[in-house]
Amino acid sequence: MIQLYSYFRSSAAYRVRIALNLKEMPYEYIPVHLLNNGGEQHSSHYASLNPMKLLPTLVDKQTVLSQSLAIIEYLEEAYPDTISLLPDNPEERAQVRAISQMIACDVHPLNNLRVLQYLNQSFNVDDTQRQQWYIHWITVGFDALEKVLVKQPGKFCFGDTPSLADCCLVPQVYNAKRFNMSLDSYPHIESVYKHCKDHPAFIQAAPEQQPDMA
């Protein structure tokens, strides 16, 4: 069985949990707590699997993979009989990947835990400044993303079925809400998020449903 090293609040791991659920692929959840004991991701065992010491890591027999988008693309190619998270048309596939990367590559890395910890530890950023940093970069990303989603028909990021883009969007919206960011300026993002929230695959992948939620 596939193993997924995950942390309930990790956005990148959240993406992969959603993808595995959408594809109806069972997996073993192996928790790696990012805060306990100085961060379990720094242990020698985990570092041997993932030298970047980030989440998630997926193990499929002899295959060990990091980076959430690469993992999901691997699942698409290695298990073609499962539900696809990318359209068949090359142009549409590229559009879904572009939306996904807007979130996973342009927004999320600036607000990752290690970045926020570095701001605190090296620049003495207080909680208010940290909140401003966090919300600024989500705002920059969501301003652009809203304009992209306005042009897309359907209930989800791209059409009427969930895709890779939705796997990326939901964790980022979850984080925005956790930091009390208003989504009033982003009706299309909010609408997609609400549709996803009612889907069983997203419900099962939510942080509150994970075994290490405490």
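The values are calculated or read from the model by the stated rules, or taken from the named source; none is laboratory data. Here the structure is a predicted model, which is why all the values come from computation and not from measurement. All Cβ positions, even for glycine, are placed from backbone atoms using ideal geometry, and neighbour counts span all protein chains on display. Side chains are part of the model used for accessible areas, which takes the heavy atoms of the whole protein and leaves out ligands, DNA and RNA. Shrake-Rupley method; radii C 1.70, N 1.55, O 1.52, S 1.80 Å.
Some values worked out for this structure:
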{"item": "Residue within the stretch 42-51 that is in contact with a helix residue (DSSP H, G or I) (Cβ under 9 Å, 6 or more places away or on another chain) and part of a helix (DSSP H, G or I) present", "result": "yes"}
{"item": "Unmet requirement for Gly154, which otherwise passes all of (1) at pLDDT below 95; (2) in a helix (DSSP H, G or I)", "result": "(2)"}
{"item": "Within the stretch 183-214, considering residues that are small (Gly, Ala, Ser) and open to solvent by 80 Å² or more (accessible area, probe 1.4 Å), the one farthest from Pro153 (Cα to Cα)", "result": "Ala214"}
{"item": "Within the stretch 3-15, tally of residues that are in a strand (DSSP E or B) and open to solvent by less than 10 Å² (accessible area, probe 1.4 Å)", "result": "2"}
{"item": "Asp143, sole failed condition from (1) surrounded by 15 or more Cβ atoms within 10 Å (Cβ to Cβ); (2) of a type in the set (D, E, K, R); (3) assigned to a helix (DSSP H, G or I)", "result": "(1)"}
{"item": "Any hit, the stretch 34-51, residues being closer than 21 Å to Ala165 by Cα and either open to solvent by less than 50 Å² (accessible area, probe 1.4 Å) or in contact with a Ser or Thr (Cβ under 7 Å, 6 or more places away or on another chain) (or both)", "result": "no"}
{"item": "Filtered residue count, the stretch 63-109, keeping only those that are in a loop (DSSP other than H, G, I, E, B) and open to solvent by 30 Å² or more (accessible area, probe 1.4 Å)", "result": "9"}
{"item": "Hits in the stretch 118-132 - residues which are part of a helix (DSSP H, G or I) and open to solvent by less than 80 Å² (accessible area, probe 1.4 Å)", "result": "Leu119, Asn120, Ser122, Arg130, Gln131"}
{"item": "Matching residues in the stretch 53-62 - criterion: being touching a residue at least 40 places away in the same chain (Cβ under 8 Å) and open to solvent by 30 Å² or more (accessible area, probe 1.4 Å)", "result": "Leu54"}
